[in-house]
Amino acid sequence: MPEFFRQHWTYIIGALALHVLFAGVFALTMISMQRNAPPPQLAIQATIVDRSQLGRPPKQQKQEAPPEDQAQKEQAQKQEQAKQDAERKQQEDRQRRETQERAERQRQDELKQHEEQEQRRQAQERQAREQAEKQKQADAERQRKAEAERKRVEEIERKQKDEAAKRKAAEDARAQQAREADLRKQMEEEEGRDQAANSGLLNQYVAMIEQRIVRNWNKPPSARPGLECEVRVTQTPGGTVLGVEVGKCNGDDAVRQSIKNAVDKSSPLPPPPDPRLFERTLVLIFKPAE
């Protein structure tokens with residue numbers, strides 16, 4: 001209600017002013033009518049009464065209202081009619097004002113609804129613009145981060161490729177140096193071995209091993225004179241026998257097995273007089289003397 005009075009105070013004050021105006025007009029009309037009314041006249045009339053007629057019922061006589069009473073009655077009717085007209089006019093004015101007030105309230109409500117709708121529309125548009133701007137900024141930030149990440153990954157990959165290329169170059173260089181060192185060592189070993197072999201030490205070394213095997217050989221009954229077998233021996237640097245294979249041989253299986261047993265029994269084999277003469281795999285000719 002206070003909100004209603006604040007919004008429509010002009011119409012309420014106008015309605016109150018109209019009511020006061022109509023009440024003043026009606027009061028002035030009533031005062032004027034009372035002033036213009038004829039003053040009442042008192043009349044004393046005397047009637048002779050016949051005593052003989054006493055006790056009888058009175059005769060019905062038609063009496064007419066005096067002119068003064070008729071005027072007062074007409075004046076009262078006019079006042080009543082004027083009062084009714086004034087009340088009817090007041091009611092019509094009140095209804096018209098109420099209709100106008102309802103129309104005005106409806107117009108104000110529609111105007112308020114239109115303003116609220118316009119405010120909501122503007123708020124929605126503003127919110128949509130803000131969201132679009134935020135989305136645009138977010139997309140730009142995401143694109144910036146993606147570009148930065150792409151550059152970072154490219155830089156990492158470039159560094160990794162550079163490092164890999166450097167490592168490969170270093171490894172290739174080390175491998176080349178190792179191959180060259182191995183080749184030099186191999187050439188030196190072969191050269192030293194050739195020198196040792198040419199000096200007769202290799203033949204001496206092989207003869208030492210063959211003699212030990214022959215000493216440890218237990219000749220089987222099936223062994224024939226002129227026995228000659230090729231024996232492949234695998235050994236460690238310390239001379240421990242790892243494996244024995246009998247290749248081309250003119251003896252039977254018993255002879256072959258006796259040669260393997262002799263080699264195993266000769267382990268460890270004697271060391272070479274020159275370490276450069278060591279070979280992991282030796283090929284010996286088993287040829288015992290008669």
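Computed from the coordinates by the stated procedures, all read-outs in this text should not be read as laboratory data. Quantities reported herein were computed from a predicted structural model and do not represent experimental measurements. A quick note on method: Cβ atoms are made from the backbone with ideal geometry, for glycine too, and the neighbour counts reach across all protein chains shown.
Structural remarks
- Spin-label zone in the stretch 89-120 - amide nitrogen under 16 Å from a point set 7 Å from the Cα of residue 131 along the C-beta vector: 120
- Exposure proxy ranking, count of Cβ atoms within 10 Å, fewest first, for 264, 69: 69, 264
- Counting neighbouring Cβ atoms within 10 Å and putting the fewest first, the residues 19, 114 line up as 114, 19.
- Residues 83, 248, sorted so that the one with the fewest Cβ neighbours within 10 Å comes first: 248, 83
- Set of aspartates and glutamates near residue 145 by C-alpha distance (under 16 Å), chain-local residues within fewer than 8 positions excluded: 154, 155
- For the stretch 167-290, the fraction of alpha-carbon pairs lying more than 24 Å apart is 41 percent, rounded to a whole number.
- Given their separation in residues at 0.36 nm each and the Cα-Cα distance between them, residue 187 and residue 280 gain 31.7 nm when the chain is fully extended.
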